[in-house]
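A short reminder: the numbers here are calculations on the coordinates, not readings from a lab. If you're wondering where the values come from, they're calculated on a predicted model, not measured in any experiment. Every residue, glycine as well, gets a Cβ built from its backbone with ideal geometry; the counts of neighbours run over all protein chains shown.
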Ligand SMILES: NC(=O)c1ccc[n+]([C@@H]2O[C@H](COP(=O)([O-])OP(=O)(O)OC[C@H]3O[C@@H](n4cnc5c(N)ncnc54)[C@H](O)[C@@H]3O)[C@@H](O)[C@H]2O)c1
Ligand SMILES: NC(=O)c1ccc[n+]([C@@H]2O[C@H](COP(=O)([O-])OP(=O)(O)OC[C@H]3O[C@@H](n4cnc5c(N)ncnc54)[C@H](O)[C@@H]3O)[C@@H](O)[C@H]2O)c1
Ligand SMILES: NC(=O)c1ccc[n+]([C@@H]2O[C@H](COP(=O)([O-])OP(=O)(O)OC[C@H]3O[C@@H](n4cnc5c(N)ncnc54)[C@H](O)[C@@H]3O)[C@@H](O)[C@H]2O)c1
Ligand SMILES: NC(=O)c1ccc[n+]([C@@H]2O[C@H](COP(=O)([O-])OP(=O)(O)OC[C@H]3O[C@@H](n4cnc5c(N)ncnc54)[C@H](O)[C@@H]3O)[C@@H](O)[C@H]2O)c1
Ligand code: NA
Ligand code: NA
């Protein structure tokens, strides 16, 4: 089953690491470390294989994929030997990365995107295409009445003023083109009533939001541990130091707020109460692509005795995110083929801020994922 | 259902914290923080309540429970106000703490213990008694042929030479007296074929080994996280700094070895391979009853990229252990009443080195525990 | 040499810990841990002894010193046994703690303070009085033209509108009363040209600002280490989590900014350049009086190789600050007697944001301090 | 002043990083980060420049310098671009790296070394040669009566049995050849009465022991901080995790013991008492050339209040050590020219376990170093 993966933000770190990695896996140059769909407990027989994936996408930047991959190699994110070996694959993929359509009304831009997606599908003889948003995090979207209904939205898109944030416009185009949509970022994406309507109309699934790769991943196992043990978490404070492109964007307080909020949600939902403390994101250019997160948890044990734990996580965000992007593309494509429509809460395992009213503990999410993939044919 | 809790090591930190805590709970002076049997997802209707518990036990030390409790209050382990308020309850419990029988053959000592247990049961009109080993960790036991069969063991116990370590002798006595036995320490306890035979003969259950309260608790959620995410753990190294009575014992390399081994087992079983690195225990008197454990985990992500996490856990061991001792006494008593016989692998949630071939992930263990308690009537 | 110590903020944590401690030292109930003037390399023969100190001061709160001391004991800041033993000393000191004069013009308030200071001096037959500001940190002061000259300031103080922040008004009163003034906080205090003029006119010394007790103390030895080794610090980021009264005040972004700025100053001055990164202060009530600070330093070694260190400091702020308050009172009193006038840059050892153009390395500051105390007679 | 640097262990990580770095500095391809002799406060006018240095040495391994440098580049210790650019310089240096003489009596081996050193000096027209030991750490040496006197030693070296550890034999040869000797390792080296006699006889200086690059460097600023502040350190525990060649050697308990002891010495000497706790070294292959050290310090403040700090140091040992090797070669060469003879305690700044009865605080050591270099002409 040849499957297209259309990356919005295709020249970013996560996207390029995903493309390099898929190519390396296809060429047998690396192992699928970090690829959840390759876990022994996950039945992946219904999923497209790594060699079934064809990449394309949008970006607003124009640096070539090879250049971006070399920069990632210099930063220690991907091995230089892989980039050297995969030069021609990357150049080929580059031909399918387009400049994001702009100008005219948002409706016109969306129509151009639909055309691009159809051309991509035909050019490569793809059975289906999954659109994955890995573009820079947007500021929180401005509410607009047309977000509430598909009819109104369609009308508003024909006006001169922008009504949708970029992530939602891409989702609108994806769904219109009959493509499943995954939001790996905290941006709005498909999370609007009008777009939900559209997904149902077009009979396609969507998934999100915000890939769970660092501090929140840890919270999703540590908070359940405190909960299972009936220990009372009194405060949970964190600081995330990040460089890289994503760090620069998140230094913008508006984007930062969205991300920080989705990072604390797991605590309230897992513990049943919200402890003191905040999670901060700070841009420190020298940190580069390796994020450092520090968290301090204070808690009470038997008879109220005070205790504490702290952890430091030093992770390469793109190397954590990229295999999940591949997992999501493969699983969502199979879900689409299996006739799944609308939000996919079974994929909560992958997200900081999952769709639906789901368990926030990682082990429960893994079980739900395993059951889901086992149900696909 | 009035239930006896006979603590071997009854004047130690864990035991005294358990007794103070149960008394405080009974008197409504504290909340059951850290008591797993009080978790909303655990059905505890079949378990004895805190006010059904009556404490007694053995020790080789003779300091009064009140003195020990005051020392724990001074060290910040239990609140001073509780010790002051529970003075008379502690003095009453003191009457049921006996000096460990010794002298003569081991068979004679065991007989004295059986008599003590029966007297305790009768004196307080107890429906049943659970013996819990919270004595100092023993050096690894010397193997002996008589460990392999109950018949041979009974004969050997009549000889002058000691054949069982103290923990196993206490288990032998407990089972003979028809009492369930729980080993909260890494000592041998009931883990001998001969004692397994005896448990079956006497139709009593047993559980163990080694309460999971700190670093291993964290490992039991973090190792599954790495496993579920297909991240490859390359090394896991740890240092445990502890003062207190337990620390002094574990400074003995022999005891230390037993404990360190049980601490690493979770890694191999959860990850499916054993990463580089060791776990060390070190006695640092000034650390007192609050243990500090530091762990460094190095791991590979997608394309082999190296990452790391470290954590520091600063926990009060006795305040973490005591509520589990209460949980175990309550659950094992109910299991006994329900006719459960032999090892209880469903209680793996509580132990570093659980009996049976069980899942080492904490979430799976919690589910098994919930199913088990729900099955009791 | 009987010496008065007039604490502005006398019912705060630092002040009460200082009073409890000085009383305990006088009574021989404790050792002078943390008291720099008792260091073998510091010649303290010219300084008043602990038994020469008499305490008084101002606050806006009215809780008794005994109550405050008991709260500090419950929080683990001071030992309960000392508070119990020093009950009557604390009650006596309470009589000399007044409500901060207010109402009328600032000039009138200052006059009332001068009268209070004189009465205190006479009541206890004190040779001299040192005023130490340990009140809550103020927001950054609003600039005013009258800050630039003593003449203008005296006129402005007679007007209805406030011209000075509280810390500077207290400094004005202190200097007018012929008392030396120490600012242990980051507030403005004596740092105004007009007040400098006044200090010269009245022939009294002053010292400040902002006691160096935690993260900045560490920076003042670690930054010189990197500098001496020619290692290039690329980023230095920190998060300070604090509860307690001071934490609540600093949660106010205005106060926070002043404090954070004084915390980073040591880096620029010691390294010769300002690395990336920020220092944050966050109020987390559950943290209480024990502050936790975490810092991450990334640096380059030979050939540009990237390295990192991180530290966590878990200190009891008041127990770190109080002995320095005693040191400062003793040393500044002796400096005053020795005819020292104006700012005392030799006391940089004690401060985050020292007066004068001084070395920010702790070792150099210690040497300067030792030379200074040795020069006093 | 053309100066030879004869490295014992010339194919090891520290040696190769030193050679790559000196070549890169000479070629203007890098900055002297980490080079203390380039500090603005150090007068280096009397020292040989980087382009005056010529490298040679001994090893027991035979892998080429280029291969070793490439391995270091792959491990992230040195930049790959430098190794590529310096290919021919490294090949040239390779010609001066000899296999350590062996066979025959130790006296014969020493004579062969003297001949090698003289040939090296003549071949390159060197004014003088400094021998620097950067070979693998040896097990603690076996005491021998001949260590006590030069006369006896000379006789014993003619016997069949080995009397000196390898590091001391190299020191013997170096001194005999009129070369200054620096021990960068904890091995015995020149630290024997007989070799001290020889240094005086030959009128050459020597320096050591054990380069101070990580945890001990931090201790040398943190311990003085606690001391200056009169804070009472109660325990100081540490764990050093290291991979790399040095790690493998130190996994040997005998070598480990020597190193651990020299690491704790700074505490006793700086604090005036020895706190609880130990420092451990552990070999973890996956850690590679980047060492991770974790230390926990517990201490008491005013009134005995307990506090703690912990730090994690993640340093590249070779990148920290190599610039110091260059510093030492340059400074010791100049000292030799200035007629300095015997031990050089003024170089304590560089060593964990310095010669002589010196201050262990880093700031004082830096001052001593600055005074020393300023005295050279
Ligand atoms: N890496 C992780 O661990 C992780 C985890 C969760 C979420 N995310 C999210 O993934 C996204 C990508 O992260 P990254 O590290 O690759 O960031 P990046 O800055 O390297 O890449 C973002 C790319 O998006 C492009 N872009 C910006 N606006 C666009 C638009 N409107 N349309 C198309 N392209 C646009 C940029 O030019 C850039 O190439 C971010 O939103 C981040 O928050 C990442
Ligand atoms: N606290 C925890 O978190 C935790 C977790 C897992 C296991 N454990 C285990 O629990 C046990 C108790 O820990 P603790 O901190 O209370 O130690 P402790 O030293 O305070 O108490 C041990 C008590 O056992 C007594 N004792 C020694 N030998 C005995 C014997 N043969 N028979 C009867 N009593 C004997 C001692 O006199 C002492 O009173 C240890 O084996 C420890 O390893 C504790
Ligand atoms: N504790 C440390 O390590 C440390 C270090 C450096 C600086 N400081 C500074 O010391 C000061 C005191 O800290 P703390 O922890 O004792 O705080 P705290 O909140 O416990 O005490 C401050 C006291 O000042 C009083 N106060 C407020 N405004 C006043 C005014 N205008 N006049 C007189 N009293 C007033 C308050 O009522 C309170 O009793 C703070 O400014 C803090 O930033 C403390
Ligand atoms: N890197 C640091 O930060 C640091 C700090 C202090 C001390 N040191 C010491 O420096 C030494 C070198 O460290 P490294 O990391 O380069 O180790 P390494 O293992 O990479 O190199 C040691 C070299 O010495 C060679 N060798 C072994 N025995 C020899 C002998 N008898 N004669 C000549 N060569 C011999 C080995 O073949 C190897 O090439 C070690 O003793 C280490 O303890 C290093
Ligand atoms: Na840490
Ligand atoms: Na830490």
Which residues does the label zone of residue A:200 cover in the range A:125-161, counting backbone N under 17 Å from a point 7 Å along Cα→Cβ? A:147-154
What angle, in degrees between 0 and 90 and rounded to the nearest 10, separates the Cα long axis of helix A:166-176 from the longest principal axis of the Cα atoms of chain A? 60 degrees
Remind me, relative contact order of chain B in percent, using alpha carbon pairs under 8 angstrom and six or more residues apart? 21 percent
Please compute, for peptide C:217-228, the average count of beta-carbon atoms on other protein chains lying within 10 Å of each residue's beta-carbon. 5
Between residue C:142 and the same site in the other copies, what are the distances in nm, shortest first, taking label points 7 Å from Cα along the C-beta direction? 3.5, 8.5, 8.6
Testing the spin-label approximation: label points 7 Å from Cα along Cα→Cβ at residue B:111 and residue A:105. State their distance in nm. 10.1 nm
Can you list, shortest first and in nm, the gaps between the label point of residue D:342 and those of its counterparts in the other copies, using a point 7 Å from Cα in the C-beta direction? 4.8, 7.9, 9.1
Average partner chain C-beta neighbours within 10 Å, per residue of B:31-39? 5
For the range D:44-166, taking Cα atoms only, what is the radius of gyration to one decimal and the Dmax to the nearest whole Å? 18.0, 52
Any idea what the relative contact order of the range C:215-316 is, in percent, if you count C-alpha pairs under 8 Å spaced at least 6 apart? 37 percent
Taking the convex hull of Cα positions in the protein assembly as shown, its mean projected area over all directions (nm²): 61.7 nm²
Mind pulling the per residue volume of the convex hull built on the Cα atoms of chain D? Å³ is fine. 129 Å³
Evaluate Rg over Rh across the range A:157-224, taking Cα atoms for both radii and Kirkwood's formula for Rh. 1.11
Could you work out how far helix A:13-26 tilts from the main Cα principal axis of chain A, as a 0 to 90 degree angle to the nearest 10? 70 degrees
Any number yet on Rg/Rh for the range B:215-316, C-alpha, Kirkwood? 1.01
Shielding of D:71-79 by partners, i.e. mean partner chain Cβ atoms within 10 Å per residue? 2
Förster radius 51 Å - calculated FRET efficiency between residue B:375 and residue D:41 (Cβ-Cβ, nearest 0.05): 0.10
Cα-based convex hull volume of the range B:188-230 per residue, rounded to whole Å³: 108 Å³
Angle between the Cα long axis of helix C:253-271 and the longest principal axis of chain C, 0 to 90 degrees, nearest 10? 60 degrees
Nearest 5 percent is fine: what portion of the DSSP beta bridges confined to chain C is antiparallel? 40 percent
Taking N as the residue count of the range A:19-87, its alpha carbon Rg divided by 2.2 N^0.38 Å gives 1.25
The range A:118-270: Kirkwood hydrodynamic radius (Cα pairs, Å) comes out at 17.5 Å
Label 7 Å beyond Cα on the Cβ vector: residue C:71 copy-to-copy distances, nm: 3.5, 5.4, 6.4
